Amino acid sequence: MPEPIETTALYIGGKWVDPHSTQVLEVHSPATGDKVGSVPSADATDVDAAVRAARESFDSGVWRNTPPAQRAAVIRRAADLINERGDEIGALVSAEMGATPGDVATLQQLAGTGCLSAYADAADEYTWEEKRTGLFGETLVVREPVGVVGAIIAWNVPLFLFCNKFGPALAAGCSIVLKPAPETPLNANLLAEIFTEAGVPEGVISIVPGGVETGQALVDHPDVDKITFTGSTAAGRTIAARCGDQLKRCSLELGGKSAAIVLDDADIAASAPMLVFSGILNSGQACVAQTRVLVPRDKQDEVVEAMVAVASTFTPGMPDDPDTKVGPIINAKQHEKVTGYIEKGKAEGATAVLEVPAPEVGTGNFVGPTIFTGVTNDMTIAREEIFGPVISVIAYDTLDEAIAIANDSDYGLAGSVWTADVDKGVEVAKQIRTGTMGINWYAIDPSSPFGGYKKSGIGRENGREGLESYLEHKAILMPMGYTS
Ligand code: NAD
């Protein structure tokens, strides 16, 4: 483990400044427990300083009046710099949240920089102004940045989430204050510095590390025009209520309990590796994890056998071990929650057909891939987000029943259909009340809308729709009889 990164300043408005707060946030490796570093934990006064810097920079026009193509160029430069420093950033993210460096590179760096490029493209292609001929003649419709953005993110894919907040806010011309999760603040400071190096002017970007209180100070600040939140449904509900009280714009990316629907014509051998990966990626700590696998009853044994064979090879272990495919759970509390769900699954009558033993190394926060059969959709393990490498296989008799089971969830974030008939897969996908679906695999496409139905969230990220969620639409009515 390299020397801990002890940071004593806050990155406010693109500069390092002394904090008002005397509280310190320590970061420890989920794998070894070793100290990774520390940062000041921003208090309400620090949040106010960051928001004031954002407000002043926004009102000055230094970024919002920069032409969209130039903003896009800065975002692309930031993506290039992140890729150039990928090993350094990947090692830090891995140390903070425990994923293997390989998983950080694919699930976070590739996905994050892909989003940045897609937002830059969206800004280049977007119709920022348009003339419309309406009832009274000509109207000019202009799109303007929403203002000062407060972003609050989770720890599970921090590099990706950072890019998915900074990208659209900066493409739109907003100023942004980001609160990273208390588990993963160090990479946010590094990434913010990279955006400054890429050309974001002074005042526009700030990082306020901290926990719930820091987040609440950001949500409640009267000079924040929009909150963008990625995290649990429980916290999202509280944040949305506080935003509602202030009539503040708010978009929410929340939890999931997605279904992978295996149709009776699916190529089971070919599907099994991706089916398993889609369920336990990032040690199952993924909002889009397909943790309910719905299978035709007469194919159940065949599917389960193939999945067990694959999942058995997903070795849990230390992130820096090249044989490791499943890193640790983020902390002891979360580990206890995941193992508690496994016990609850057994107690409610499901059968654990696979429980890869956890290695007794480091902090011990490891859970091996676990597959349950005999699960019904009313069981706790089928209804609640476990956030660990636990898959529930649910048998169905008819396609209508499979669709009903998939839809019988509080959540609606992701999902997939596995079939030899792509058209049929699309028809089934259209019947699932969820924001994204994949046919024979699953991924988040940076250029296409991503977000939740039901309790998985409000609003969309990525591509044009993601950019639009950081914009206001203004109509300027021209004089009667006026033609341009
Ligand atoms: P969490 O809700 O506990 O915390 C997320 C962030 O919100 C943290 O920065 C936390 O400090 C802050 N926070 C918590 N309560 C707050 C409050 N009342 N006011 C202001 N800030 C508050 O979630 P977590 O455990 O860090 O992350 C896991 C959750 O995130 C899972 O439910 C997962 O599905 C979800 N997630 C969703 C997406 C998505 O895109 N839909 C992506 C990643 C993670």
From VAL141, VAL146, VAL208, grab the single residue that is modelled with pLDDT of 95 or more and within 15 Å of the ligand (Cβ to nearest atom). VAL208
Those residues of the stretch 270-297 which are open to solvent by less than 10 Å² (accessible area, probe 1.4 Å), more than 13 Å from the ligand (Cβ to nearest atom) and out of contact with any strand residue (DSSP E or B) (no Cβ under 8 Å at 6 or more places or on another chain), in sequence order: ALA272
Give the residues of the stretch 438-460 that are away from the ligand (no atom under 15 Å from the Cβ) and open to solvent by less than 50 Å² (accessible area, probe 1.4 Å), sorted by residue number. GLY438, ILE439
May I ask you to list the residues in the stretch 227-261 that are closer than 25 Å to GLY61 by Cα, in contact (Cβ under 8 Å) with a residue 60 or more places away in the chain and over 18 Å from the mean Cα position of the chain (by Cα)? ARG249
Going residue by residue through the stretch 2-14, is there one that turns out to be out of contact with any strand residue (DSSP E or B) (no Cβ under 7 Å at 6 or more places or on another chain) and modelled with pLDDT of 95 or more? no
If you take just the strands (runs of 3 or more DSSP E) that sit entirely in the stretch 1-40, which of them hold at least 2 residues that are out of contact with any Pro (no Cβ under 6 Å at 6 or more places or on another chain) and under 23 Å from ARG55 (Cβ atoms)? 10-12, 15-17
Hey, could you check the stretch 461-484 for residues that are hydrophobic (A, V, I, L, M, F, W, C) and part of a loop (DSSP other than H, G, I, E, B) and say which is surrounded by the fewest Cβ atoms within 10 Å (Cβ to Cβ)? MET480
Quickly run through the stretch 26-48 and pick out the residues that are touching a residue at least 40 places away in the same chain (Cβ under 8 Å) and open to solvent by 30 Å² or more (accessible area, probe 1.4 Å). THR32, GLY33, ASP43, ALA44, ASP48
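The values are calculated or read from the model by the stated rules, or taken from the named source; none is laboratory data. Everything numeric here is computed off the predicted structure, so don't read it as measured data. All Cβ positions, even for glycine, are placed from backbone atoms using ideal geometry, and neighbour counts span all protein chains on display. Each accessible area value is taken on the protein alone, full model and side chains, heavy atoms only, with ligands, DNA and RNA left out. Shrake-Rupley method; radii C 1.70, N 1.55, O 1.52, S 1.80 Å.
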